[in-house]
Amino acid sequence: MLRSLRNFRWREAIPRMIADFLIVHFSMIAALAISVVSQTQAGNAAAAHAIVSGFLQYYTAFFWVLSPIFPLVFLLNGFYTHSRAYVGRYKALIILRGVALAAMVFFAANFLFFGSEKVGRSVALPFMVLAAAGAASVRILKDFLEKRYFIKSKTTPSLAPRRDWVLVVGGAGYIGSLLVEHLLEKGCRVRVLDSLLYGDEPLRPVRNHPNFELIVGDCRNIQDVVRAVRGVESIVHLAAIVGDPACEQDHGPALETNYAATRMLIEIAKGHGVSRLLFASSCSVYGATDVEMDENAAVQPVSLYGQTKVDSERALLDAKNDTFHPTILRFATVFGLGYRPRFDLVVNLLTAKARQEGVITIYNGQQWRPFIHVRDLVEATVRVLESPVRLVSGEVFNVGDTRLNHTLTEVADVIRAAFPNVRVEHIDNADRRNYRVNFDKLVSRTGFRARYTLRDGVEEIRNAFDERLITDYTDLRYHNQRYLKAVGSPVNKDEVDGLVMAAFSNHRQNPKVAAAHAPSA
Ligand SMILES: NC(=O)c1ccc[n+]([C@@H]2O[C@H](COP(=O)([O-])OP(=O)(O)OC[C@H]3O[C@@H](n4cnc5c(N)ncnc54)[C@H](O)[C@@H]3O)[C@@H](O)[C@H]2O)c1
């Protein structure tokens, strides 16, 4: 207790304690006004007069003396520490609890020291309600203003202190490049480890930012990873061979990158005292199902890509301890414009085809998918990163928005609304993927809700074509599998990397991976 008080940032806390002190006084005076007005309106002018005269005596002689109890109890409740950065419903709950406790202590002290000298119930009750509402609303207003106008504390940036790095592994990709930009805007120091499979263009907007560092390296190479994690507080692990077709292209590199490298990263991160690791998994781990899936539902991946995500999830959750806090983020399918827009994802691809060719083909139109705009996904990821550890450590989150579960036929309808002349063809094939996903847990822990609809994303892509920001959506760099097929699979730097990866691939929970690495007969 003494140690934490010694490390406590008094200079930041004192103005906030004074603000709470003033709120408490304002609430007491406002409660008196409410009580007097209601008595007067009920025709009890004498009672109103008695309340006022009794109150003046009570306020000046007793309330002033006891009122510091409120900020003191708030202090002991952790209202003034940054690690208690609660959000949404949780924040309101914590504040209500703190105010109720402070009021109880206050009235107990009042009774103990001043006996019968107290305010009547008609003042005490509105006082408690006003104090709770006041304490909650100034905090909500402050959060709103900070977010709205990007206000940052001079001494405590919203995420990590200045000396700490956030490492984004795979930060040059579709999601990563926007995440990096967003983290930099929030005042973080951001390091990227990426092998630049698809080039460095997505990172050009941030390349000269003073808080940005790029390590061009492979997450399968132990030296690159050790170099990248030095001084790092949190990791967001996005690097992967992404998508079913890209993984099917060449199993070896897919298994190494998506699974063995995750296990190696866990060990190195733990060894270097990294506190948090957010892992990009996928809602595709739910496979083929007709019911809405939440995080407790059984996973049943129908592809190698999905299987590598499930295996990495398990390895991460098994690794959680008191100092290492992994969090699994099962991303919905992304759409929208970024610095590396992918046109191998259904909404972007269909929009591009509608714009360029005037005809789109919908395969298995009744199948459900959860969608999310790439900027919303970035916002949700940062919210998890900013959440108190106890709310997210060792937890799995579906990342998306329940309102953005759509059938593929609905996707076609949205595209038809943007391109009225488009011709839509429907075909059924053997693709069994079908999943509708529940995102309530993310909302309740982080307050996240998507800002962009499918229609916003479709119009954004259409405008990008109109403004010639994108000219040829068939360009290989927009398609993971086709690109890897053309340039060849990413090979290891040297033989040792292959041996290290083979060692991390062998795992009892992962028969598929072990089989792929077993010596052939
Ligand atoms: N985009 C989606 O719809 C979606 C949906 C669910 C999950 N995810 C997950 O989110 C993450 C990011 O997806 P994305 O769409 O940005 O993919 P992306 O293909 O655009 O980016 C992947 C990045 O990882 C890098 N990378 C690949 N292998 C590497 C290696 N061995 N070492 C270092 N870097 C390497 C690539 O260079 C690239 O910059 C992935 O883990 C993916 O599985 C994406």
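Structural remarks
- Label-to-label distance for L469 and E12 is 3.5 nm, based on points extended 7 Å past Cα in the beta-carbon direction.
- Other-chain or far-sequence residues with amide H under 5 Å of Y363's (modelled H): I427
- Antiparallel bridge percentage (DSSP; both residues within the chain; nearest 5): 5
- Residues whose amide H falls under 5 Å from that of N434, counting only those 5 or more places apart or on a different chain, are A288, T289, with hydrogens built in the peptide plane.
- Entries in K186/K441; K142/K270; K186/K320; K186/K493 that, when Cα-Cα distance is taken, lie over 31 Å: K142/K270; K186/K493
- Gained length - A47 relative to E201, 0.36 nm times residue gap less alpha-carbon distance: 47.9 nm
- Segment 355-485: relative contact order as a whole-number percent, Cα under 8 Å and 6+ apart: 38
- Between amide H atoms placed 1.01 Å from N, distances below 5 Å from N405 occur with F371, all of them 5 or more places distant or on a separate chain.
- Mean shadow area of the chain over all directions, Cα convex hull, nm²: 30.8
- Taken about its Cα centre, the chain carries a charge dipole of roughly 1780 debye when the Cβ of each Lys and Arg holds +1 and the Cβ of each Asp and Glu holds -1.
- Note: relative contact order over the chain, using C-alpha pairs below 8 Å and six or more positions apart, is 14 percent.
- Residue-wise HN-Hα couplings along segment 424-434, as the Karplus relation 6.51 cos²θ - 1.76 cosθ + 1.60 with θ = phi - 60° gives them from phi, are 10, 9, 10, 9, 9, 9, 8, 5, 9, 4, 6 Hz; Gly and Pro carry x.
- Taking all C-alpha pairs of segment 343-466, those more than 18 Å from each other amount to 56 percent.
- Given their separation in residues at 0.36 nm each and the Cα-Cα distance between them, F113 and A418 gain 102.6 nm when the chain is fully extended.
Only the coordinates and a few stated rules stand behind these numbers; no lab work does. Fair warning: this is a prediction, and the values are worked out from it, not measured in the lab. In this analysis, Cβ positions are derived from the backbone assuming ideal geometry, glycine residues included, and neighbour counts consider all displayed protein chains.
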